[in-house]
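Take a look at the structure below.
Throughout, read-outs are computed from the coordinates displayed, never taken from laboratory work. Quantities reported herein were computed from a predicted structural model and do not represent experimental measurements. Note: ideal-geometry Cβ built from the backbone for every residue, glycine included; neighbour counts use all protein chains shown.
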Amino acid sequence: MQLVTIQGRKPSPASSLAGCESESETSQSEAQHLGENLGWSVLRNLSEIHIELTSTCNLSCSYCYAEADRPGRAFPLFSLELFERVIQILATHSKKSHVELIFHGGEPLLQSAAWYGDACRLATEILGAANKTCAFGMQSNLTLLRDEHIDVFARYNVRIGTSIDGPQEVHDAVRGKFHATVHNLRRLVEAEIFSGAISVIHHHNWEKIPEIYATFHELGIRSFHLNIASAVGLGEGATPLSEDQIYRVLCDDFDTMRTYDGEVVDTRLLAKLKRHVENPTTQGFLSKLSCDSPFCHAGINMVVIKHTGEVFPCGCAGSSGNIKNFLLGNIRDEALSTDFYKTQLVQFHAKSDKYETECRTCPARFVCEHGCPAFDINDPITPEHHCGATKRFQKYLDSYPREVVQRVASFVPYSLMSAEQGGLEA
Ligand code: SF4
Ligand code: SF4
């Protein structure tokens, strides 16, 4: 297979890819000693597997990154046999004592409750026998939730999150089925398995941040996560939000969260504010691999596996768009090609010159999202707009007395649902 060369991007230093560094002599001899197939050793740091159950979705949200197919008469789903193989490989080759299995799509509720019952039982038994614990999660539009699903999810504590883009008219303008989503969200809350909400920000709602907070407040959702959409997937070709629009979103997000005084919080902004006031050391900052850090954990601690058996670096971004160029291997094969896996991953995390010349010392680096290797190649405009907006937002924060920003940064994400509405307490 042809390797992808990204013009103008430099491979990341190997030391940045904690799980992707050249295999040390020790781990190599250990693996040989244990008779392990070295082809799977690149998976030793995996603690989060996204299972892309299907690439089909019953909705077609206009900004969806996933390029999801609409359901036809028949569509492929993840087989139980393949799922069992994934779990066996994880049990044998991941060195982590706890793993998270996230059911993703397309729309994961296109799969039957019976399949989930078998899959969760297998995962619990196989990982348990390997002295590992596991937790289950799911991201769903919730419109296809059935009673049988809830029974299985409650039995295995499958924690389920959804997307709500604001009040009904705003949500329905691009996603649809607001009432069905909210109705089923309440059923999940009753069953104590609702995990949280995401709001995707695009042209339909960038001016409506206070309304989004009001919607979550009304629903009793106390913590959510705000994402600016990139023009990728189904949204490819859409006009990206401008720098001014993103700046306004960031400022409104801060001001509205402040107004709610901790009653409703955007956990993503909260994490940025904490870094901003704590001013971590470079080492501390870079050692935390996450979406909002200069280096993320895609392909290192996390991978997505498709119903075809193909392995890609990021579960949050699925297997569409630029991710398609970074196939890491196939779980159906006898072994992964470790050289290929590492080469692909180093290319995936490659940094542009801008990282060295600007980002490393940028005063806004702690409130910056640092782009996303899955989306930025296909939509290079949004990260540039985000960069300009972030620099202005850092100055906006600095225009407040320091205690004000510190106070907002000290908010604690509340329970997902307020107790008085029958929800979960943190
Ligand atoms: S590839 Fe993008 S979405 Fe995935 S973990 Fe990295 S930053 Fe996050
Ligand atoms: S604001 Fe721009 S220059 Fe600063 S860290 Fe972020 S992307 Fe880099």
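Using 0.36 nm per residue of separation minus the Cα-Cα distance, give me the extension gain between residue 190 and residue 412 in nm, one decimal.
Between residue 190 and residue 412, full extension yields 77.6 nm more.
How many angstrom separate the Cα center of region 375-408 from the Cα center of region 183-259?
Going from one Cα centre to the other spans 17 Å.
Measuring from label point to label point, each 7 Å out along Cα→Cβ, what is the residue 155 to residue 337 span in nm?
The modelled label-to-label distance comes out at 4.2 nm.
Can you give the FRET efficiency to the nearest 0.05 for residue 173 and residue 395, using r as the Cβ-Cβ distance and R₀ = 25 Å?
On the way: r = 33 Å, r/R0 = 1.30.
The formula returns an efficiency of 0.15 here.
To one decimal place, what orientation-averaged projected area in nm² is obtained for the convex hull of the Cα set of region 267-417?
Working: hull surface 44.8 nm².
Reported value for the Cα convex hull: 11.2 nm².
So if each residue of separation counts as 0.36 nm, and I subtract the Cα-Cα distance between residue 402 and residue 122, what length gain in nm does that give?
Numbers: separation 280, 0.36 × 280 = 100.80 nm, distance 5.15 nm.
Fully extending the segment from residue 402 to residue 122 adds 95.7 nm.
What is the magnitude of the charge dipole of region 191-264 about its Cα centre, with +1 placed on the Cβ of each Lys and Arg, -1 on the Cβ of each Asp and Glu, and no other charges, expressed in debye to the nearest 20?
100 debye
Filter 95/306; 95/391; 288/324; 96/306; 177/274 down to the pairs with a C-alpha to C-alpha distance above 32 Å, please.
Working: 95/306 22 Å; 95/391 40 Å; 288/324 26 Å; 96/306 22 Å; 177/274 35 Å.
Over 32 Å Cα-Cα: 95/391; 177/274.
Using a basic spin-label model with each label point 7 Å from the Cα along Cα→Cβ, how many nm lie between residue 95 and residue 288?
2.4 nm
Give the long-range amide H neighbours of residue 95: residues separated by 5 or more places, or on another chain, with amide H under 5 Å away, using H modelled in the peptide plane at 1.01 Å from N.
Here 45, 46 satisfy the definition.
Quick one: which residues, 5+ away or cross-chain, put their amide H under 5 Å from the amide H of residue 310? H built at 1.01 Å from N.
The list, which skips near neighbours in sequence, is 331.
What residues qualify as long-range amide H neighbours of residue 223, i.e. H under 5 Å apart, gap of 5 or more or another chain, H built at 1.01 Å from N?
265
Could you tell me the calculated FRET efficiency between residue 244 and residue 218, based on Cβ-Cβ distance and R0 = 25 angstrom, to the nearest 0.05?
E between residue 244 and residue 218, to the nearest 0.05, is 0.30.
Please give the contour-minus-distance gain from residue 354 to residue 129: 0.36 nm per residue of separation, less the Cα-Cα distance, rounded to one decimal in nm.
Numbers: separation 225, 0.36 × 225 = 81.00 nm, distance 4.73 nm.
In short, 76.3 nm is gained.
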